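This structure is in structure tokens; I'll ask about it shortly.
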Amino acid sequence: MPKVLIEPDRCKGCELCNAACPQQILAMSKEINTKGYFHALVTDQTRCIGCRLCAISCPDVAITVRTHAVRYNLFEY
Amino acid sequence: MTATTIFGTPASLTDRITHYCPGCTHGIIHRLVAESLDELGLRETTVGIAPVGCAVLAYHYFACDFQEAAHGRAPALATGTKRARPDLTVFTYQGDGDLASIGTAELIHAANRGEKITIIFVNNAIYGMTGGQMAPTTMPGQVTSTSPAGRDVELAGYPLRVAELVATLRTPSFVERVSVHSPRHIINAKRAVRQAFEYQKEGRCFSLVEVLSTCPTNWGLTPLEALKWLEENMLPYYPLGVKKSPDDEV
Amino acid sequence: MAKKLMKGNEAIGEAAIQAGCRHYFAYPITPQTEVAEYLARRMPEVDGVFLQAESEVAASNMLFGASSAGVRTFTSSSSPGISLMSEAISYIAGAQLPVVFINIVRGGPGLGGILPAQSDYFQATKGGGHGDYHLLVFGPSTVQEAVDHVILAFELADKYRNPVMVLGDGMIGQMMEPVAFPAADVSPPPPKPWATVGMKNRPQNLIRSLFLNPDELEQNNLELRAKYDAMERDEVRFESYLTDEDMDVLVVAYGTMARIAKTAIDALREGGKRVGLLRPITLFPFPRQAVREAAGRAKSVLAVELSTGQMVEDVHWAAPDGMPVYFFGKVGGNIPAPEDISDEISKVLDGRATRHGVEPRPEEAS
């Protein structure tokens, strides 16, 4: 099961990841981080398919994607 | 079973949180360059050359040796470094003012001499760092702080299409224009950036990757609105694609 | 050591090769183009890099990139080209890079003329580019001196991590004189751990002149100042000619003008006149102490330059309080003959000359 880890204090609240997620499981928080931004968060980890489009769109490298599954490299991103 | 990371911070990027605005595509493009250096094993033999512009502090975000050039002169510095040490991978990272305005001569001549360097050109149709003035790449009618009534092509001419300009030179080179306004485009941009560094690793030719980018702050839009603005206004004028390949006939 | 008859420009090119320089980036400009033409043939012979850049702006920035990569590198140009390079010179000084610049001075301002001049003294010694920095500046008066200064320039550039300029006038570049190259005496370059040559098992090497934090910028400027203080202490060079005894006039001149002045002084000495010459060899650091000391034995000082008055200001600064300072200059490329200079010295001796740099008194002004 893939897991998306967002570092709240790296996030600048740009919302690019929200738009990128094909599963629409990303949203913005109601609390601000230490820099004063409303940061991104995952609303439902169970529906993550590990596509990594959120991390690919993030300008601040705030997102790490991990998985327990065996990974077959179907394409080199 | 332990978890594997299938997306993490590239080694060629430092941990430092960038000073770029929220949603600024500089962060994405920095990461694409860093991933390419990692994948090609070039980090420890790379020298980057920072511009004058928002990316003037790029040297804080890359884990490789760096020089800071005067405005527009990065291709000349890169020429000096590459000619002194042809074994090093040398790249410049420049914006609209640096590359398409004050540094156009240095760009054209480095390309024409076929210096085996890689130039990443971030085109966001505006001067970001100095607060949103008109750039040679600003779209007709686009409002900026020095074109408050919108760019008037009678006064300022049409925007410069740098990729096409460089592609007309006879010396073999790799020139491609890409965009980073959607995940699909980012993945394609990564391919182009990596290809550019591969050509340098092979010692093959000069490479220029023009990356259409957003500037939410100076465009006066939210990051998501800015992506849309790029798609609707810049894509038609700045067509994406490979403009020149070293495999082309000379 | 065998001597070779060489044109100044070509000897300068060869001197750089002898100093171990293998990277030259330049742009043609009269009267120094022969440096580039000579090195276009010579650099490939030693597996060096010769690159004719698209402009002096580009050439001077290529020097930044090459020096950052840890190699000895230099360029040659002439006055208008040096103006174009001023931006890069400032950046090179701020980033603390070793680079050598040759300026074969021609008449200015603007496009000026192609004949010799000494009108770039201010530009070379007082700035040219922006910011608090100095070039270490040599003023050779013979082709042999030019060769010696070029080799020394590379060594001192590396020693101080600062740009160094050899300021020759058009005559130095164009005339032919016998020269010897002291190849065996050239010391190898020091190690350069600060160079950007790839970040392997060490922290990032960063070559830059931008310090947005005021404390850091202050620190950089104070480091630069400390270098210039060290140069003023250790690198002053000058020649004294017949200044050991009391003089009526002390002439201060540099470069080829000093040679012409010497001929004039020799003629006057034969006539019993007591005249000596203090020839600055380093223009920065200017030999203030030496000028003050020699002027202390003279009744007046005469500065002679191919300009309308640049080095004379440093002579004012160096001369003891109240010492009358006179100036003789020729411009446009009209080189004075020794007689012109001895006539001028005679005017000073006879009290017919006008003091330089003295404000007219109110009665005289109206």
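The values are calculated or read from the model by the stated rules, or taken from the named source; none is laboratory data. Source: prediction; values computed, not measured. Note that each Cβ is placed from the backbone with ideal geometry, even for glycine, and that neighbours are counted across all protein chains shown.
Got a sec? Which of C:Arg274, C:Arg202 is of a type in the set (Lys, Arg), without any contact (Cβ under 8 Å) to a residue 60 or more places away in the chain and surrounded by 16 or more Cβ atoms within 10 Å (Cβ to Cβ)?
Working: C:Arg202 fails: surrounded by 16 or more Cβ atoms within 10 Å (Cβ to Cβ).
Step by step, each of C:Arg274, C:Arg202 is checked, and only C:Arg274 is of a type in the set (Lys, Arg), without any contact (Cβ under 8 Å) to a residue 60 or more places away in the chain and surrounded by 16 or more Cβ atoms within 10 Å (Cβ to Cβ).
Here's something else I'd like to know. Out of all the residues in the range C:111-123, which are touching a Lys or Arg at 6+ places or on another chain (Cβ under 8 Å) and free of Cβ contacts under 8 Å to residues at least 40 places away in the same chain?
Initial filter on the range C:111-123 (touching a Lys or Arg at 6+ places or on another chain (Cβ under 8 Å)): C:112-117.
Passing the criteria: only C:Gly112.
Could you check how many residues of the range A:1-22 are touching a residue at least 60 places away in the same chain (Cβ under 8 Å), in a loop (DSSP other than H, G, I, E, B) and at the interface with another protein chain (Cβ under 8 Å from one of its Cβ atoms)? Write out each step before concluding.
Initially, the range A:1-22 is screened for residues touching a residue at least 60 places away in the same chain (Cβ under 8 Å), giving A:1-5.
The next check asks that each one be in a loop (DSSP other than H, G, I, E, B); those that pass are A:1-2.
Among the residues that remain, those that are also at the interface with another protein chain (Cβ under 8 Å from one of its Cβ atoms) are: A:2.
The number of residues fulfilling the criteria is 1.
Can I ask one more? What tally of residues in the range C:227-279 results from selecting those that are of a type in the set (Val, Ile, Thr), in contact with an Asp or Glu (Cβ under 7 Å, 6 or more places away or on another chain) and closer than 25 Å to C:Leu115 by Cα?
The initial filter retains those residues of the range C:227-279 that are of a type in the set (Val, Ile, Thr), namely C:236, C:243, C:249, C:251-252, C:256, C:260, C:263, C:265, C:275.
Subset that is in contact with an Asp or Glu (Cβ under 7 Å, 6 or more places away or on another chain): C:256, C:275.
Keeping just the survivors that are closer than 25 Å to C:Leu115 by Cα gives C:256.
So the answer is 1.
Same structure, new question: Can you pull out every residue in the range C:284-301 that is within 14 Å of C:Gly322 (Cα to Cα), touching a Leu at 6+ places or on another chain (Cβ under 7 Å) and part of a strand (DSSP E or B)? First the steps, then the outcome.
We begin by selecting, within the range C:284-301, every residue within 14 Å of C:Gly322 (Cα to Cα); these are C:292, C:295-301.
Pick out the ones that are also touching a Leu at 6+ places or on another chain (Cβ under 7 Å) and you get C:295, C:298, C:301.
Answer for the range C:284-301, where residues must be within 14 Å of C:Gly322 (Cα to Cα), touching a Leu at 6+ places or on another chain (Cβ under 7 Å) and part of a strand (DSSP E or B): C:Ala298, C:Val301.
Also, I was wondering about something else. Check C:Gln18, C:Gln96 and return the single one that is out of contact with any Lys or Arg (no Cβ under 7 Å at 6 or more places or on another chain) and either more than 10 Å from every other protein chain (Cβ to nearest Cβ) or basic (Lys, Arg) (or both). Walk me through how you get there before you give the answer.
Values: C:Gln96 fails: out of contact with any Lys or Arg (no Cβ under 7 Å at 6 or more places or on another chain).
Only one candidate passes the filter, namely C:Gln18.
Considering each of C:Val197, C:Val150 in turn, give the residue that is β-branched (Val, Ile, Thr) and away from chain B (no Cβ under 13 Å). I'd like the intermediate steps shown before the answer.
Details: C:Val197 fails: away from chain B (no Cβ under 13 Å).
Exactly one of C:Val197, C:Val150 is β-branched (Val, Ile, Thr) and away from chain B (no Cβ under 13 Å), namely C:Val150.
Just to be sure I understand the filter: pairs with C-beta atoms under 6 Å, separated by 6 or more residues or on different chains, first member in the range B:225-239 and touching a residue at least 12 places away in the same chain (Cβ under 8 Å), second member surrounded by 14 or more Cβ atoms within 10 Å (Cβ to Cβ) and assigned to a helix (DSSP H, G or I). Which pairs pass?
Close Cβ pairs (under 6 Å, with a partner that is surrounded by 14 or more Cβ atoms within 10 Å (Cβ to Cβ) and assigned to a helix (DSSP H, G or I)) amount to B:Ala226/B:Pro216; B:Ala226/B:Trp219.
For the range C:240-269, enumerate the residues that are assigned to a loop (DSSP other than H, G, I, E, B) and more than 19 Å from C:Val312 (Cβ to Cβ). Steps first, please.
Our first condition is that a residue be assigned to a loop (DSSP other than H, G, I, E, B); within the range C:240-269, this holds for C:242-246, C:253-254.
Within the range C:240-269, C:Leu242, C:Asp244, C:Glu245, C:Asp246 meet the criteria.
Checking the structure you have, find out if any residue of the range C:211-228 is free of Cβ contacts under 8 Å to residues at least 60 places away in the same chain, part of a loop (DSSP other than H, G, I, E, B) and buried (at least 17 other Cβ atoms within 10 Å of the Cβ).
no
Still on this model: Only one of (1) surrounded by fewer than 23 Cβ atoms within 10 Å (Cβ to Cβ); (2) modelled with pLDDT of 95 or more is not met by B:Ile28, so which one is it?
Looking at each condition in turn, B:Ile28 falls short on (1).
Just one of (1) more than 10 Å from chain B (Cβ to nearest Cβ); (2) at pLDDT 95 or above; (3) touching a strand residue (DSSP E or B) at 6+ places or on another chain (Cβ under 8 Å) trips up C:Val46, so point out which.
Looking at each condition in turn, C:Val46 falls short on (3).
Scan the range A:48-64 for residues that are outside any loop (DSSP other than H, G, I, E, B) and either more than 7 Å from chain B (Cβ to nearest Cβ) or of a type in the set (Val, Ile, Thr) (or both) and report the count. Working first, answer last.
Filtering the range A:48-64 for residues outside any loop (DSSP other than H, G, I, E, B) gives A:53-57, A:63-64.
From the residues that got through so far, the ones that are either more than 7 Å from chain B (Cβ to nearest Cβ) or of a type in the set (Val, Ile, Thr) (or both) too are A:54, A:56, A:63-64.
Qualifying residue count for the region: 4.
Which number in (1) outside any loop (DSSP other than H, G, I, E, B); (2) without any contact (Cβ under 8 Å) to a residue 24 or more places away in the chain marks the one condition that C:Tyr91 misses?
C:Tyr91 satisfies all of (1) outside any loop (DSSP other than H, G, I, E, B); (2) without any contact (Cβ under 8 Å) to a residue 24 or more places away in the chain except (2).
Go through (1) under 30 Å from C:Asn334 (Cβ atoms); (2) away from chain B (no Cβ under 14 Å); (3) of a type in the set (Gly, Ala, Ser) and name the single condition C:Ala26 misses.
That leaves (2) as the condition not met.
Please specify each residue of the range C:140-170 satisfying the condition of being more than 20 Å from C:Pro188 (Cβ to Cβ), surrounded by 24 or more Cβ atoms within 10 Å (Cβ to Cβ) and in contact with a Pro (Cβ under 9 Å, 6 or more places away or on another chain).
Within the range C:140-170, C:Val143, C:Ala146, C:Pro163, C:Val166, C:Leu167, C:Gly168, C:Asp169, C:Gly170 qualify.
Each row is one residue, and each column tells you yes or no for (1) over 28 Å from C:Trp194 (Cβ atoms); (2) without any contact (Cβ under 8 Å) to a residue 24 or more places away in the chain.
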site: C:Pro109; (1), (2): yes, yes
site: C:Thr125; (1), (2): no, no
site: C:Gly129; (1), (2): no, no
site: C:Leu135; (1), (2): no, no
site: C:Val147; (1), (2): yes, no
site: C:Asn162; (1), (2): no, no
site: C:Leu167; (1), (2): no, no
site: C:Gly170; (1), (2): yes, no
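Okay, next question. State which residue is farthest from C:Val164 (Cα to Cα) when the search covers only the range C:70-84 and only residues that are more than 11 Å from every other protein chain (Cβ to nearest Cβ) and aliphatic (A, V, I, L, M).
Of the residues in the range C:70-84, the ones more than 11 Å from every other protein chain (Cβ to nearest Cβ) are C:74, C:76-84.
Within this subset, residues satisfying the condition of being aliphatic (A, V, I, L, M) are C:82, C:84.
Values: C:Ile82: 13, C:Leu84: 17 Å.
Out of the qualifying residues, it is C:Leu84.
Would you list the strands (runs of 3 or more DSSP E) that sit entirely within the range B:1-109 and hold 2 or more residues that are within 14 Å of chain A (Cβ to nearest Cβ)?
On the way: elements: B:4-7, B:46-50, B:65-68, B:89-94.
Because the criterion is at least 2 residues that are within 14 Å of chain A (Cβ to nearest Cβ), the strands (runs of 3 or more DSSP E) in the range B:1-109 that meet it are B:4-7.
Looking only at the range C:178-210, how many residues end up being modelled with pLDDT of 95 or more and of a type in the set (Phe, Trp, Tyr)?
Residues meeting the conditions: 1.
How about the range B:1-23: which of its residues are in contact (Cβ under 8 Å) with a residue 24 or more places away in the chain and small (Gly, Ala, Ser)? If you could, list the steps in order and put the result at the bottom.
Let us first name the residues in the range B:1-23 that are in contact (Cβ under 8 Å) with a residue 24 or more places away in the chain, namely B:10-14, B:16, B:18-23.
Result: B:Ala11, B:Ser12, B:Gly23.
Residue by residue through the range B:32-52, note down the ones that are among the charged types (D, E, K, R) and either touching a helix residue (DSSP H, G or I) at 6+ places or on another chain (Cβ under 9 Å) or closer than 14 Å to B:Gln200 by Cα (or both). Steps first, please.
Of all residues in the range B:32-52, those among the charged types (D, E, K, R) come to B:35, B:38-39, B:43-44.
Once the filter is applied, which keeps residues that are among the charged types (D, E, K, R) and either touching a helix residue (DSSP H, G or I) at 6+ places or on another chain (Cβ under 9 Å) or closer than 14 Å to B:Gln200 by Cα (or both), the range B:32-52 yields B:Glu35, B:Glu39, B:Arg43.
Being among the basic types (Lys, Arg) and buried (at least 17 other Cβ atoms within 10 Å of the Cβ) is the requirement here; does B:Arg191 meet it? Let's see the steps before the verdict.
Details: among the basic types (Lys, Arg): yes; buried (at least 17 other Cβ atoms within 10 Å of the Cβ): no.
When the stated conditions are applied, B:Arg191 does not pass them.
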